[in-house]
Amino acid sequence: MVKLSVIVPFYNVQQYAPDTLRSLKANAREDFEFILVDDCSRDGTPEILARAERELPGAVYVRHEQNGGLATARNTGIDRARGEYLTFLDGDDWLAPGYFPQLVAAMEELGCDFVRTDHVQCTGRSRQVFRVPVGRRGVVLDPREAILPADRSTSVDYAYAWAGVYHRRLLDKGLLHFTDGLRTAEDRPWIWKLHREAESFAAVSLLGVFYRRGVASSLTQIGDVRQLDFIRAFDQVIAETAQDPRADELLPKAVRTYCAIISHHLGSIERFEPAVARKLKSMSAAALRRMPQDVLDEALDSMDIQRASKLRRLRRRPAPSGAAA
């Protein structure tokens with residue numbers, strides 16, 4: 001029986017893939033498998049992964065013939081996974097030696113549906129620790145109770161799929177797949193669904209994932225149209241949360257977070273290509289009008305005046321036909 005399946009998508013990361021693979025080797029165990037998914041890279045990444053399949057214990061190499069994006073690549077890995085537990089890593093990040101055995105040990109001790117961990121963010125030579133916004137550590141909690149309050153950072157805002165480990169029963173319940181084709185913000189509907197529908201989780205103070213920021217090929221650094229998929233992602237969060245029996249309690253959090261993300265993108269609009277910047281404004285205006293307006297009004301009233309005023313002006317902006325996400 002495979003104990004842990006590690007799903008690692010790669011796309012044009014020949015510069016970083018060797019570090020990632022070395023860190024996987026330092027976490028190998030006979031009952032671990034590493035599913036290396038190449039999302040149709042056009043650089044030297046496929047050759048690096050083909051070699052890794054021969055040299056890395058437990059490696060399984062899968063190559064996409066067409067680029068589908070991170071969500072689709074992760075789904076490919078999920079479909080191939082045989083482990084009792086599943087986790088993720090991105091192809092330009094890396095791990096501390098022995099991290100995965102510690103993660104599995106925490107999962108087995110707690111016996112919950114999923115466990116969330118802290119991580120280290122790396123920007124150049126700078127290192128900064130980011131903590132799961134959950135105060136109680138090492139105890140089993142109700143995931144739904146960790147969604148709120150609406151006006152504070154909570155577990156659904158810490159959306160990194162690779163910062164944790166997930167029991168296979170979540171896959172059997174249909175909770176682990178990502179929305180196919182989402183090219184950014186793919187973790188957002190995913191983490192919300194986990195917290196709404198899983199039965200138990202825990203946060204542990206375990207540092208082992210090193211998240212590389214500032215990579216030139218990363219979508220967070222590229223101001224093209226793919227960034228606008230955050231609108232489709234958050235539309236999904238709103239639509240699914242609206243169907244929840246506790247929608248009245250949960251929607252204010254979803255709407256407020258959506259507004260904050262729109263405001264964030266508008267605040268750095270200069271990094272977008274001009275045509276994409278115009279589309280960002282029109283699609284964001286349409287998104288604001290699609291939200292439950294009473295909940296939106298309350299969310300805007302609770303925000304600082306500068307952001308709230310900007311979003312109110314945007315909501316009044318006429319949206320051209322076809323501007324919906």
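The values are calculated or read from the model by the stated rules, or taken from the named source; none is laboratory data. Just so you know, these numbers come straight off a predicted model, no measurement behind them. Methodologically, a virtual Cβ is constructed for each residue, glycine included, from the backbone with ideal geometry; neighbour enumeration extends over all protein chains shown. Remember, those area values only see protein heavy atoms, side chains included, never the ligands or the DNA or RNA. Shrake-Rupley method; radii C 1.70, N 1.55, O 1.52, S 1.80 Å.
With all pairs of separate Cα atoms included, region 165-213 yields a Kirkwood hydrodynamic radius of 12.7 Å. The structure-derived value of Cα extents along the principal axes in Å appears in the list (1) 58, 44, 36; (2) 56, 44, 40; (3) 96, 44, 36 under the label (1).
For region 51-166, the share of alpha carbon pairs falling in successive 10 Å distance bins from zero is 10, 37, 36, 15, 2 percent.
Could you state the angle between the C-alpha long axis of helix 229-242 and the longest principal axis of the C-alpha atoms of the chain, as a value from 0 to 90 degrees rounded to the nearest 10? Helix 229-242 sits at roughly 80 degrees to that axis. When the solvent-accessible area of the chain is split by element, carbon and sulfur atoms take up 48 percent of it, the probe being 1.4 Å.
Exposed loop sites here are GluC sites (Glu not before Pro) in DSSP loop states with at most 10 other C-beta atoms within 10 Å. What is the longest stretch of the chain lacking them?
66-325
Within region 232-325, which trypsin sites (Lys or Arg not before Pro) sit in a loop by DSSP and count at most 15 neighbouring Cβ atoms inside 10 Å? Answer by residue number: 246.
Of the trypsin sites (Lys or Arg not before Pro) in region 26-64, which ones lie in a loop per DSSP and count no more than 10 other C-beta atoms within 10 Å?
The qualifying sites are 42.
When the trypsin sites (Lys or Arg not before Pro) in region 90-133 are filtered for DSSP coil states and for at most 10 other beta-carbon atoms within 10 Å of their beta-carbon, the remaining sites are 125.
A simple spin-label model places pseudo-atoms 7 Å from Cα toward Cβ; at residue 22 and residue 239 they are separated by 4.5 nm.
Decide, for region 5-66, between rounded, prolate and oblate: order the square roots of the alpha carbon gyration tensor eigenvalues as a ≥ b ≥ c, take rounded if a/c falls under 1.5, and otherwise choose prolate if a/b is larger than b/c, else oblate. Prolate, since a/c reaches 1.5 and a/b exceeds b/c.
Sort region 76-120 into rounded, prolate or oblate with this rule: let a ≥ b ≥ c be the square roots of the eigenvalues of the Cα gyration tensor; rounded if a/c is under 1.5, and if a/c is not under 1.5, prolate when a/b is larger than b/c, oblate otherwise.
Taking the square roots of the gyration eigenvalues as a ≥ b ≥ c, region 76-120 is oblate.
Counting only DSSP H runs of at least 4 residues, each contributing -39500 (n - 2.57), and dividing by the residue count of the chain, the helix-based mean residue ellipticity at 222 nm comes to -12500 deg cm²/dmol. For helix 45-55, what angle does its Cα long axis make with the longest principal axis of the chain, in degrees from 0 to 90 and rounded to 10? Between the helix axis and the principal axis of the chain, the angle is about 40 degrees.
On a 0 to 90 degree scale, rounded to 10, what angle separates helix 305-316 from the longest Cα axis of the chain? It is inclined by approximately 80 degrees. With a Förster radius of 35 Å applied to the C-beta separation of residue 102 and residue 317, the computed FRET efficiency comes to 0.10. Length gained on full extension, residue 197 to residue 51: 48.6 nm, using 0.36 nm per residue less the C-alpha separation.
Once the C-beta distance of residue 67 and residue 207 is scaled by a Förster radius of 45 Å, the resulting FRET efficiency is 0.90 to the nearest 0.05. Spacing of the modelled spin labels on residue 79 and residue 31, each 7 Å from Cα toward Cβ, amounts to 2.8 nm.
Across region 222-308, Cα-Cα pairs farther apart than 21 Å form 30% of the total. A Förster radius of 56 Å combined with the Cβ-Cβ distance from residue 309 to residue 139 puts the calculated FRET efficiency at roughly 0.85.
Counting only protein heavy atoms and a 1.4 Å probe, region 58-99 has 36 square angstrom of accessible area per residue.
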